[in-house]
1. Is at least one residue of the stretch 374-381 in contact with a helix residue (DSSP H, G or I) (Cβ under 8 Å, 6 or more places away or on another chain) and touching a residue at least 40 places away in the same chain (Cβ under 8 Å)?
2. Say we look at the stretch 428-444 and pick out the residues that are touching a helix residue (DSSP H, G or I) at 6+ places or on another chain (Cβ under 6 Å) and within 23 Å of residue 463 (Cα to Cα); which of these is modelled with the lowest pLDDT?
3. Give the stretch 316-333 a look and list any residue that's closer than 16 Å to residue 369 by Cα, in a helix (DSSP H, G or I) and either touching a residue at least 60 places away in the same chain (Cβ under 8 Å) or in contact with a helix residue (DSSP H, G or I) (Cβ under 6 Å, 6 or more places away or on another chain) (or both), or say none.
4. Would you pick out the residues in the stretch 135-175 that are over 21 Å from residue 343 (Cβ atoms) and surrounded by fewer than 16 Cβ atoms within 10 Å (Cβ to Cβ)?
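The values are calculated or read from the model by the stated rules, or taken from the named source; none is laboratory data. Because the structure is a prediction, the values reported are computed rather than measured. Cβ: placed from backbone, ideal geometry, glycine included. Neighbour counts: every protein chain shown.
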């Protein structure tokens, strides 16, 4: 067929597709596609990127196949040409769809070109980006303890062999201020020291999402569909990608789709991924299962609140770094008093040193006591698993011993389940940690308890009142 014929065939296919899709979806995903040729029942179309092709196959393949068979016949075939670099293409056939043949073609290496990403300067022959790493977040400044030993050991292993160890991805999770960002960046710094030629990038989930949104908006408003392709190509060039706070991808389907394809490409190419989150993969909500399953491929390492011994070591290390000497009894008092997280612990020490300097006073135990009372929240005001347990026991009039026992009495079991439910909703503690603190239960037991309580809240007015009463007491006390 000549050019007019294949153009007309594709135009008729688009009419069918348009009638079955929302207007915006049709414009966004089918507007940039161009027909190239039609020979012996094989229609060839050009798409802007491999991501584009995969998205179409995953979301619109059924209607596309029906349109092709209707206009070309039952033996219709389709071939994509994915534009990689100006003037260069890769040809690929869909992986499914009736009589359309399968032909697997690996994703090509990306050529040297400006990608439109703010990290890249036009005209460079080699990708050269700022890794966005904090020079102070090194392994030497990261105090090891039982709370972080697994993650630190895995990080050192990765730094020696990025992308080739079994810890890919490394998924670091835990509450705020426990050192997730420090550990993740320490790995990046160590990689750059040992392998200067490797491209390392630290980026927050929020920054990644903003970049994707800007690319997608530009594609729609300026009819410049290369923006999304450029965004994806840029991230495919990274050797060690560190993404902080991936839980912020929740409910953002477009961003998740883009990151899914970037993750796949980097992982399959032997590149290293390091992710941080406030919860374990199994506890994350609002993320696609295909993404969550990949988060579990490597190693999940939880960072826990540091013990007194580790807190004391952190304070000593901070003093050594700052070149100051503080009496042992003062450090011990601070370590005993500030237990929430490392960030608050170091903040208390900095405030203590600053207060002594500005007031021209010696750092004494009395000075520390007066300051700590002002800058640290009273422990009883913080909602923790332990506080929730205490309040549940008080509300139902049961002892802690009975609450934590192995008894299967209905009222005790329900009290435990309520405590687990409230712990999940009112704290950032992982399910496994909640189970450990509430009677040594496993993750599955806690999840079952949360689902049971949720169902009872919806169906049992009295039970709903119990839960709301306890929740009200906990949240009002915090205020």
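1. Checked against the condition, which is being in contact with a helix residue (DSSP H, G or I) (Cβ under 8 Å, 6 or more places away or on another chain) and touching a residue at least 40 places away in the same chain (Cβ under 8 Å), the stretch 374-381 yields at least one hit.
2. So the residue we want is 431.
3. The answer is 329, 330, 331, 333.
4. Matches in the stretch 135-175: 153, 156, 160, 161, 164, 166.
Residues are listed down the side, and each one gets a yes or a no for (1) within 26 Å of the chain's Cα centre (by Cα); (2) in contact (Cβ under 8 Å) with a residue 24 or more places away in the chain:
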{"position": "278", "(1), (2)": "yes, yes"}
{"position": "289", "(1), (2)": "yes, no"}
{"position": "292", "(1), (2)": "yes, no"}
{"position": "308", "(1), (2)": "no, yes"}
{"position": "313", "(1), (2)": "no, yes"}
{"position": "351", "(1), (2)": "no, yes"}
